[in-house]
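Working notes for the structure below.
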Amino acid sequence: MANVITDETIEYVGILAKLELSREEKEAAKQDMGRMLDYIDKLNELDTSGVEPMSHVILADNVFREDVVVNGDAREGMLKNAPKQKDGAFMVPKTVE
Amino acid sequence: MDILEMSAVELGRKIKAREIGALEAAEAALAQIRALEPVLNCYVAVDEEGARRQAAEVQKKIDGGMQCGPLAGVPMAVKDNMCLEGMPATCSSKILENFVPPYTAEAVKKLVEGGAVVLGKTNMDEFAMGSTTETSAFGVTKNPWDPERVPGGSSGGSCAAVAANECFYALGSDTGGSIRQPSSFCGVAGIKPTYGTVSRYGLIAYGSSLDQIGPIARSVGDCAAVLEEIAFHDAKDSTSVRRRDCDFTSALVDDVKGMRIGIPQDYLGEGLDDEVRSAVLAAAKALEEKGAVVEEFGLSLVEYAIPAYYVIASAEASSNLSRFDGVKYGYRAKGYEGLHGMYKKSRSEGFGEEVKRRIMLGSFVLSSGYYDAYYLKALRTKALVKQAFDKAFAGYDVILGPAAPSTAPRLGELLSDPLKMYLGDIYTIAANLAGLPAMSVPCGRDSKGLPIGLQLIGDCFKEKNIIRAGYAYECTRNYEMPGLAKRQAAEPGRWEVR
């Protein structure tokens, strides 16, 4: 395997991905990611100098609209899905002391 | 003819003519579902009551002489990554197990407004990440042609339900082949339209620059009729395209005289099953005999599409799936420390293995220091792939090839080796990168009796070319139905869980 993923990298990617991996999962992720990157490195065979990165194939322009509310009040329906709610708001653990 | 074996368009016509009642059609489909679900598990949720209610409403409109769409009263199914107000949308993930969307996806809404009777939500690979429907948190879907085999994925539930006559058509979504590959494995027809043709509003996102909703049915004609209903410009999806040529059923013409069809040599080489190759070439021959001009050519870059796809799709997935954090909806873990602890624990417990794998890869390729080398490199490759297709479509109206390198593998065969599973998308992925319309049409079966899919790819906005070619080819053969799809209701209990 050409790409060796270190413990530090997996730790860092776990923080970015907001995932908490067990020791076994981390080991598996190191292997998986190394293998995938080896495969993805195939792209380096291609000379892409001077080629613009293409995000969207069809649309080139941004789409704008007036900043007005067009949908009705969906608060109740939205809150129905909340794992925890109180007084019409989503409840989360305390974030500021 | 048994109701269950009718085409969606034919059933719609008979319902409109009041030869068949909408409720009668719904009951027939529901009975088939009850009989076969213990074996196949195509659905994540079935809404019997809702289906009866919708059928009764449609019947009332028809009886009252009100204007109804061509598919009014026809029972159908929706992949579980599309929202339907009041019905769970799980994406086959534990993290969305209890999510009941307060609104309906625009594509589904169009069909419902036209009188569609929604039977339920179909099983899929978790968040559409997979090619076998085995990564679902709610059990594996089995292939109706052989319940020891996978139906393909990620729209495996939709395709298996259509093949098993558990619905008359279904909606699927296609990010890298998720409509075409399972259509091929299940012996049904499926279209991924040009990017931007069907609104993604209400489709739970995987790779937003690649995702498209499309129809799955037992014939090209049905697919065209459904696509015609769901294609429109939607201001709520900023990537939605304004098109004037959405009269797709007008392309259902059995005439391919002079049509230029190119077969990429790159799609016939190593890795392709011999029986699939023969069937695909025989289909090309059939079109040639009808007057099409068929030749082989070099498309190039085929082997670079998969690595570019996995970088782009994973990157977009890592961003799209960051919304699942246990705050506003979905699963929230118990016993965590602080807000970040809650995010992490909820996500780690809620997502399955394949989803975590792609989020990790996506986070990595977007991280500083790697963004240029991986993400931008993939976007540059995408530009080259698009150029290769532009060049090809200067010479051909349709590109023809296999939809998948093999027929349906056994359960578990691909799940153990992610990279091998990814390679199975080799013929479908490029159409997503380049935004092209593409479809899979059944073209025979292999010596194991498993269906083979013919893929037809068109240039952007040229669905009509592939629909015409697909229809002309379909006219040369009869639709083949798996034995298990014969009406089961007469023999209750025959298909017990084994």
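Hey, does the range B:179-191 have a residue that's in a loop (DSSP other than H, G, I, E, B) and either without any contact (Cβ under 8 Å) to a residue 40 or more places away in the chain or within 14 Å of chain A (Cβ to nearest Cβ) (or both)?
Taking the range B:179-191 as the starting set, the residues that turn out to be in a loop (DSSP other than H, G, I, E, B) are B:179, B:187-188.
With the extra rule that they be either without any contact (Cβ under 8 Å) to a residue 40 or more places away in the chain or within 14 Å of chain A (Cβ to nearest Cβ) (or both), the set shrinks to none.
No: zero hits.
Keeping to the range B:85-144, report how many residues are touching a Cys at 6+ places or on another chain (Cβ under 6 Å) and at positive phi.
Adding up the residues that qualify gives 2.
Applying the selection to the range A:1-36, what residues are within 9 Å of chain B (Cβ to nearest Cβ), small (Gly, Ala, Ser) and part of a loop (DSSP other than H, G, I, E, B)?
Residue satisfying the conditions is A:Ser22 alone.
Give the residues of the range B:294-324 that are of a type in the set (Asp, Glu) and at pLDDT below 95, sorted by residue number. Quick ask: steps written out before the conclusion?
Keep residues of the range B:294-324 that are of a type in the set (Asp, Glu), which gives B:295-296, B:303, B:316.
Once the filter is applied, which keeps residues that are of a type in the set (Asp, Glu) and at pLDDT below 95, the range B:294-324 yields only B:Glu303.
Take residues that are of a type in the set (S, T, N, Q) and tell me which of the helices (runs of 4 or more DSSP H) falling wholly in the range B:12-131 contain 2 or more. Don't jump to the end; show me each part of the working.
On the way: elements: B:22-40, B:48-63, B:106-113.
Qualifying helices (runs of 4 or more DSSP H): B:48-63.
Which residues, counting only those in the range B:1-29, are more than 21 Å from the chain's Cα centre (by Cα) and either buried (at least 24 other Cβ atoms within 10 Å of the Cβ) or among the hydroxyl-bearing types (Ser, Thr, Tyr) (or both)?
Passing the criteria: B:Leu11, B:Gly12, B:Ile15, B:Ala22, B:Ala25, B:Ala26.
Among the residues of the range A:27-52, write down those that are loosely packed, with under 15 Cβ neighbours inside 10 Å and farther than 20 Å from B:Tyr422 by Cβ.
Scanning the range A:27-52 gives A:Glu27, A:Asp47, A:Ser49, A:Gly50, A:Glu52.
With the structure loaded, tell me whether B:Ser416 is free of Cβ contacts under 8 Å to residues at least 60 places away in the same chain and on the phi < 0 side of the Ramachandran plot or whether it fails that test.
Values: free of Cβ contacts under 8 Å to residues at least 60 places away in the same chain: yes; on the phi < 0 side of the Ramachandran plot: yes.
Judged against the criteria, B:Ser416 is a match.
Of (1) within 12 Å of chain A (Cβ to nearest Cβ); (2) touching a Lys or Arg at 6+ places or on another chain (Cβ under 6 Å), B:Glu316 satisfies all except one. Which?
(2) is the only condition that B:Glu316 fails.
Only residues in the range A:77-91 that are within 9 Å of chain B (Cβ to nearest Cβ) and assigned to a helix (DSSP H, G or I) count as the first member; pair them with residues that are charged (D, E, K, R) and exposed (fewer than 14 other Cβ atoms within 10 Å of the Cβ), Cβ under 8 angstrom, at least 6 apart or cross-chain, and list the lot.
Every condition considered, no pair remains.
Collect the residues in the range B:428-450 that are more than 14 Å from every other protein chain (Cβ to nearest Cβ) and over 16 Å from the mean Cα position of the chain (by Cα), keeping them in residue-number order. Don't jump to the end; show me each part of the working.
Looking only at the range B:428-450, we keep the residues that are more than 14 Å from every other protein chain (Cβ to nearest Cβ), and these are B:428, B:439-450.
Correct list: B:Cys443, B:Gly444, B:Arg445, B:Asp446, B:Ser447, B:Lys448, B:Gly449, B:Leu450.
On the basis of being surrounded by 12 or more Cβ atoms within 10 Å (Cβ to Cβ) and more than 22 Å from the chain's Cα centre (by Cα), does A:Gly77 make the cut?
On the way: surrounded by 12 or more Cβ atoms within 10 Å (Cβ to Cβ): yes; more than 22 Å from the chain's Cα centre (by Cα): yes.
Answer is yes for this residue.
Any idea which of B:Val276, B:Val280, B:Val294 is in contact with a helix residue (DSSP H, G or I) (Cβ under 8 Å, 6 or more places away or on another chain), touching a residue at least 24 places away in the same chain (Cβ under 8 Å) and β-branched (Val, Ile, Thr)? Working first, answer last.
Working: B:Val276 fails: in contact with a helix residue (DSSP H, G or I) (Cβ under 8 Å, 6 or more places away or on another chain); B:Val280 fails: in contact with a helix residue (DSSP H, G or I) (Cβ under 8 Å, 6 or more places away or on another chain).
Of the residues listed, the single one that is in contact with a helix residue (DSSP H, G or I) (Cβ under 8 Å, 6 or more places away or on another chain), touching a residue at least 24 places away in the same chain (Cβ under 8 Å) and β-branched (Val, Ile, Thr) is B:Val294.
Considering only the range B:358-406, state which residues are touching a residue at least 40 places away in the same chain (Cβ under 8 Å) and basic (Lys, Arg).
B:Arg358, B:Lys377, B:Lys382, B:Lys386, listed by residue number.
Would you check if B:Arg244 is basic (Lys, Arg) and more than 15 Å from the chain's Cα centre (by Cα)? Before you say what the answer is, go through the steps one by one.
Details: basic (Lys, Arg): yes; more than 15 Å from the chain's Cα centre (by Cα): yes.
Yes: the conditions hold for B:Arg244.
Looking at the range B:383-390, can you tell me whether even one residue there is away from every other protein chain (no Cβ under 12 Å), within 29 Å of B:Val150 (Cβ to Cβ), buried (at least 21 other Cβ atoms within 10 Å of the Cβ) and modelled with pLDDT of 95 or more? Spell out how you get there, then give the answer.
We begin by selecting, within the range B:383-390, every residue away from every other protein chain (no Cβ under 12 Å); these are none.
Checked the range B:383-390: no residue is away from every other protein chain (no Cβ under 12 Å), within 29 Å of B:Val150 (Cβ to Cβ), buried (at least 21 other Cβ atoms within 10 Å of the Cβ) and modelled with pLDDT of 95 or more.
Quickly run through the range B:320-349 and pick out the residues that are buried (at least 24 other Cβ atoms within 10 Å of the Cβ) and either more than 7 Å from every other protein chain (Cβ to nearest Cβ) or among the aliphatic types (A, V, I, L, M) (or both).
Result: B:Leu321, B:Phe324, B:Gly330, B:Ser346.
If A:Asp41 meets every condition in (1) at pLDDT below 95; (2) more than 19 Å from the chain's Cα centre (by Cα) apart from one, which number is that one?
The one condition A:Asp41 does not meet is (1).
Inside the range B:264-284, can you point out the residues that are crowded, with 18+ Cβ neighbours inside 10 Å and within 23 Å of the chain's Cα centre (by Cα)?
B:Tyr267, B:Leu272, B:Val276, B:Ala279, B:Val280, B:Ala283
The values are calculated or read from the model by the stated rules, or taken from the named source; none is laboratory data. Since we're looking at a predicted model, the values are computed, not measured. Neighbour counts are summed over all protein chains in view; Cβ atoms, including those assigned to glycine, are modelled from backbone coordinates with ideal geometry.
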